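S.K.: My structure is below; once you've seen it, I'll send some questions.
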Amino acid sequence: MKNKLNLLVVEDDPNLGTILTEYLRAKDFEVTLKANGKEGFEQFAKDNYDLLILDVMMPVQDGFTMAEEVRKIDKEVPIIFLTAKSMKEDAIEGFKIGADDYVTKPFSMEELMMRVNAILRRTQQGQNESEEKRVFEIGDSSFDSHKQVLTVANTEKKLTSKENQLLKLLCLNKNNVLERESALKAIWGDDSYFNSRSMDVYITKLRKYLKEDEKTELINVHGRGFKLIELD
């Protein structure tokens, strides 16, 4: 069980990003800082985060676009948007995507901290909350995404980094379609032909690992992606 909550800050202003990161670390959070939505999404896919703080206007990929990608693979992680705008339309757009709060620049660190704490009080309903996103039960199998270990038929299999990331996304979307494009962007950074073929190889490997579990099936969904199904 981790002691500190893990936050991801995505802000293109280096001064604000540094100040915000140092402030949150002083408040005893683990904090990772990224400079645009593309880097932020790639980092999000690599680790477990308790809350995201996203600037809206950023180069390469804006905060709204990143949030939309995040919501395709994780419907629950809290998101706070930061913006220099105060337009009502922006706030509405943010909440449509699935924002938990919206802070307009300039803001005080104390105000942001109050909002962060309020959201975390709602979402952290016990010390086991973070465990739910790292340890998954799939049919008769168990998967620990932090240890990168899949246990099938009482046999442990140590997964590679890519296998681990892909299985985690499948587990987070269990019994639902994991969109091919979303998975490629999350793990490989883009959806090029060669990365797509590489992902197909990893899907084949995961299917082989899970074949001993009669209550689990990993299927292709034509034209869309993949689905990890837990059978009755």
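The values are calculated or read from the model by the stated rules, or taken from the named source; none is laboratory data. Quantities reported herein were computed from a predicted structural model and do not represent experimental measurements. Using ideal geometry, Cβ is built from the backbone for each residue, glycine included, and neighbour counts are taken over all protein chains shown. Quick note on the areas: whole protein, heavy atoms, side chains included, nothing else; ligands and nucleic acids left out. Shrake-Rupley method; radii C 1.70, N 1.55, O 1.52, S 1.80 Å.
S.K.: Kindly provide the set of residues from region 60-84 that are over 26 Å from V177 (Cβ atoms) and of a type in the set (A, V, I, L, M, F, W, C), ordered by number.
M.R.: Within region 60-84, V60, I80, F81, L82, A84 qualify.
S.K.: Working only within region 157-215, note down all residues that are in contact with a Phe, Trp or Tyr (Cβ under 9 Å, 6 or more places away or on another chain) and among the β-branched types (V, I, T).
M.R.: If the condition is that a residue be in contact with a Phe, Trp or Tyr (Cβ under 9 Å, 6 or more places away or on another chain) and among the β-branched types (V, I, T), then T160, V177, I187, I203 are the ones that fit.
S.K.: Ok, one more. Suppose the filter is out of contact with any Phe, Trp or Tyr (no Cβ under 9 Å at 6 or more places or on another chain), in contact (Cβ under 8 Å) with a residue 12 or more places away in the chain and among the hydrophobic types (A, V, I, L, M, F, W, C); does V60 pass it?
M.R.: yes
S.K.: For region 144-164, how many residues meet the condition of being open to solvent by 20 Å² or more (accessible area, probe 1.4 Å), under 24 Å from K75 (Cα atoms) and among the polar types (S, T, N, Q)?
M.R.: 2
S.K.: When the residues of region 96-140 are narrowed to those that are open to solvent by 60 Å² or more (accessible area, probe 1.4 Å), under 30 Å from L228 (Cβ atoms) and in a helix (DSSP H, G or I), which ends up modelled with the highest pLDDT?
M.R.: Checked region 96-140; the qualifying residue modelled with the highest pLDDT is R122.
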